[in-house]
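Just below is one structure, and these are the notes that go with it.
The values are calculated or read from the model by the stated rules, or taken from the named source; none is laboratory data. Predicted, not measured: the structure shown is a model, and the values here were computed from it. Don't worry about glycine lacking a Cβ; one is built from the backbone with ideal geometry, like all the others, and counts go over all protein chains shown. With ligands, DNA and RNA removed, areas are computed over all heavy atoms of the protein, side chains included. Shrake-Rupley method; radii C 1.70, N 1.55, O 1.52, S 1.80 Å.
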Amino acid sequence: MRPAHCIEDLRQLARRKVPKMFFDYAEAGSYAEETLRANRVDLERIKLRQRVLVDVSQRDLATTIVGQPVTMPLALAPIGLAGMQHGDGEILACRAAQAAGIPYTLSTMSICSIEDVAGAVDKPFWFQLYVMKDRGFGKSLIERALAAKCSALVLTIDLQVLGQRHCDARNGMTVPPEIRLRNVIDIATKPGWALGIARGKRKTFGNLAGYTPSGANVASLASWISSQFDPALSWKDIEWVRSLWPGKLIIKGVLDVEDARIATKTGADAIVVSNHGGRQLDGAPSSISALPAVADAIGAETEIMFDGGIRTGQDVMRAIALGARSCMVGRSYIFGLGAGGQAGVTRAIEIIRGELDVTMALCGINRVGEIDRRVIAQL
Ligand SMILES: Cc1cc2nc3c(=O)[nH]c(=O)nc-3n(C[C@H](O)[C@H](O)[C@H](O)COP(=O)(O)O)c2cc1C
């Protein structure tokens, strides 16, 4: 892999290596992408307070997330179809996260299944659940995650209906799947990617094998799956999940203060303040602008995680300063995966770690627990 000094370098590398259809799928937001852009713009607007002549020789990024020791306040977010950015992408990303001492979250919509990943790594990972119309299937996924000894269940609640990404429609990620000459030529010019996918364990949604219609490919399955999401999902279903999952429960996709208050009453160990990376409600506020009010509204017994737009260690600092205990990254590591498989994900994590470490030093901070609103510059 070529040297990468920042996440943008990894993004550029991934753009060259991954077919346009899948690169666009990873990068895009829904509709006019207002919320996608706001996630970045609002993070960049927050200025950090430079402090000098503080002894910062004892810096330590280690902390805990839902009680689990981590080497830095970061986890890899669940990403559907990660295995289409690179063959066996989920296994490679999980290995990179575990070697770096941070959690990896496997999506319900992954290519490698829960069992594929469990069989290929030696430590527990997190599993992300979408509760779909067929509750029996949801229950079986929870049981599989338990059998695989997953150390947390991340329950995503902001996708009862699917936001549209225009590029997916344009690129033929729709039904019926469109095998366009453009896509075929594109894939032919990315032989490294094609070889990796050909050698990978699976080519379709691993967790849904045996449940989805037979003979369908990734594109037609995506549409079938979207019809399986349940617009009737309610907080009662969250209680049902809580009753089935005895371990750590993380509710992902809260943006509103009222919802955050309700979420804390479900017995969740953490909530993730998230707008799904700007892929669902376009026009929703950026995650970072929603974070302070949520942090003020809920008590210390429920941890706050944050995601949406994090591309640097400075962004992690900003989110923690505004009330998060830890962050998740999606695209930052997915670009790494597309750029260089496991080594690329490792590089993405190293980049963010290095940036956070230096940022802490230049803000006069030695420990993650010391970061609070005082590190934000008052403009
Ligand atoms: C390509 C892609 C696929 C995603 N798939 C899922 C998913 O299957 N489940 C889920 O809970 N969130 C999913 N998300 C949302 C991420 O978990 C996370 O909230 C988001 O990526 C954070 O924003 P960031 O990419 O700017 O870091 C996906 C995001 C992207 C970019």
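Things worth noting here:
- Entirely in segment 143-202, the helices (runs of 4 or more DSSP H) that have 2 or more residues that are modelled with pLDDT of 90 or more and surrounded by fewer than 13 Cβ atoms within 10 Å (Cβ to Cβ): 191-199
- Check on residue 116, surrounded by fewer than 20 Cβ atoms within 10 Å (Cβ to Cβ), assigned to a helix (DSSP H, G or I) and either more than 12 Å from the ligand (Cβ to nearest atom) or in contact (Cβ under 8 Å) with a residue 24 or more places away in the chain (or both): no
- Evaluation of residue 22 against the conditions (1) modelled with pLDDT of 95 or more; (2) within 30 Å of residue 202 (Cα to Cα) shows that the sole unmet condition is (1).
- Restricted to segment 265-276, and to residues there that are within 17 Å of residue 234 (Cβ to Cβ) and more than 16 Å from the ligand (Cβ to nearest atom), the residue that is farthest from the chain's Cα centre (by Cα) is 265.
- Looking only at segment 119-142, and only at residues there that are assigned to a strand (DSSP E or B) and of a type outside the set (A, V, I, L, M), the one that is surrounded by the fewest Cβ atoms within 10 Å (Cβ to Cβ): 128
- Residue count for segment 312-330, restricted to those that are within 16 Å of the chain's Cα centre (by Cα) and surrounded by 24 or more Cβ atoms within 10 Å (Cβ to Cβ): 8.
- Among the residues listed as 301, 350, the single one being modelled with pLDDT under 95 and either open to solvent by 20 Å² or more (accessible area, probe 1.4 Å) or more than 10 Å from the ligand (Cβ to nearest atom) (or both): 301
- For first residues located in segment 79-95 and among the charged types (D, E, K, R), partners that are assigned to a loop (DSSP other than H, G, I, E, B) and lie 6+ apart or on another chain with Cβ distances below 7 Å form the pairs 88/112; 88/200; 88/201; 90/110; 90/111; 90/112; 95/121.
- Residues (open to solvent by 30 Å² or more (accessible area, probe 1.4 Å) and within 16 Å of the ligand (Cβ to nearest atom)) located in segment 47-91: 79, 86
- Unmet requirement for residue 234, which otherwise passes all of (1) within 21 Å of residue 332 (Cα to Cα); (2) open to solvent by 20 Å² or more (accessible area, probe 1.4 Å): (1)
- Filter pass, residue 263 being in contact with a helix residue (DSSP H, G or I) (Cβ under 9 Å, 6 or more places away or on another chain) and hydrophobic (A, V, I, L, M, F, W, C): yes
- Candidates 306, 335, filtered to the one that is aromatic (Phe, Trp, Tyr) and free of Cβ contacts under 8 Å to residues at least 60 places away in the same chain: 306
- For segment 247-259, the criterion of being part of a helix (DSSP H, G or I), more than 25 Å from residue 125 (Cβ to Cβ) and within 16 Å of the ligand (Cβ to nearest atom) is satisfied by at least one residue.
- Against the list (1) of a type in the set (Asp, Glu); (2) within 14 Å of the ligand (Cβ to nearest atom); (3) surrounded by fewer than 24 Cβ atoms within 10 Å (Cβ to Cβ), the condition residue 307 fails is (3).
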